[in-house]
1. Only one of 13, 76 is touching a Gly at 6+ places or on another chain (Cβ under 7 Å) and aliphatic (A, V, I, L, M); which?
2. Mind checking which residues of the range 1-58 are of a type in the set (A, V, I, L, M), closer than 16 Å to residue 95 by Cα and free of Cβ contacts under 8 Å to residues at least 12 places away in the same chain?
3. I want to confirm something. Restricting to the range 1-45 and keeping residues that are β-branched (Val, Ile, Thr) and surrounded by 14 or more Cβ atoms within 10 Å (Cβ to Cβ), which single residue is nearest to residue 68 (Cα to Cα)?
4. So residue 75 ticks every box in (1) closer than 19 Å to residue 18 by Cβ; (2) part of a helix (DSSP H, G or I) but one. Which box is left unticked?
5. Which residue out of 108, 67, 85 is in a helix (DSSP H, G or I) and surrounded by 20 or more Cβ atoms within 10 Å (Cβ to Cβ)?
6. Against the condition open to solvent by less than 70 Å² (accessible area, probe 1.4 Å), part of a helix (DSSP H, G or I) and not small (Gly, Ala, Ser), how does residue 48 come out, does it pass?
7. Residues to consider are 61, 74, 19, 68; find the one that is at pLDDT 90 or above, of a type outside the set (Lys, Arg) and on the phi > 0 side of the Ramachandran plot.
8. Any idea which residue in the range 115-167 is modelled with the lowest pLDDT, counting only those that are among the aliphatic types (A, V, I, L, M) and assigned to a loop (DSSP other than H, G, I, E, B)?
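The values are calculated or read from the model by the stated rules, or taken from the named source; none is laboratory data. A quick note: this is a predicted structure, and the numbers were derived from the prediction, not measured. When we count neighbours, we look across all protein chains shown, and the Cβ atoms used for this are built from the backbone with ideal geometry, even at glycine. Calculation scope for accessible area: heavy atoms of the full protein, side chains included, ligands and nucleic acids excluded. Shrake-Rupley method; radii C 1.70, N 1.55, O 1.52, S 1.80 Å.
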Amino acid sequence: MAVLRKLARPLLAAPFVTGGLRTLHRPDAVAEGVRPVIQQVGKHIPALADGDPRLLVRVTGTIQAAAGLMFATGRAPRLSALTLAATLVPTSLAAHAFWTVEDPRERARQRAHFLTDLSTLGGLLIAAVDTHGKPSLVFRSRHAFDHRHPVAAVRRPVEAAAARTVHRAKGVAGSVTGALTASR
């Protein structure tokens, strides 16, 4: 499964890295398409109403490129996947608003892009909760103590640690005994 993750993460991150870098280099091409969305969102969030679309597009591109690189390289993969998912929603709404398009062919094309973004969002959400097969923090905190038998819940880990210590001590003792025998 580790090999699959190392292959899948860069594949999932590639559009974000390339798109983010492209947006940083040519923000004007994207900024015009974002203007109507900013006006709609600005009705609910007044701080965005007067915002510069170029600046907003550049910030989003920077976040997508950085989070994409982090996700592709496995650095903070859950956080970076969640960050990419959070930036994907407004980006998809702005870039692929198929419900506003009149031309049937263009509407179908935008719908296909929107659905692709929707499936990417699903992949990112799965990646955001992926714990690499280890129990999550929530699971570990819930099962840290067996509420029915609190003594047993503490005793089991202590006994396991004691057994590991005894095993290591026997190994060290064997090594020391072997070294003493060899030196005689």
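1. Numbers: 76 fails: touching a Gly at 6+ places or on another chain (Cβ under 7 Å).
Among 13, 76, only 13 is touching a Gly at 6+ places or on another chain (Cβ under 7 Å) and aliphatic (A, V, I, L, M).
2. 29
3. Checking each candidate, the answer is 17.
4. (2)
5. On the way: 108 fails: surrounded by 20 or more Cβ atoms within 10 Å (Cβ to Cβ); 85 fails: surrounded by 20 or more Cβ atoms within 10 Å (Cβ to Cβ).
The conditions single out 67.
6. yes
7. On the way: 61 fails: on the phi > 0 side of the Ramachandran plot; 19 fails: on the phi > 0 side of the Ramachandran plot; 68 fails: on the phi > 0 side of the Ramachandran plot.
Of 61, 74, 19, 68, the one residue that is at pLDDT 90 or above, of a type outside the set (Lys, Arg) and on the phi > 0 side of the Ramachandran plot is 74.
8. Here the residue is 144.
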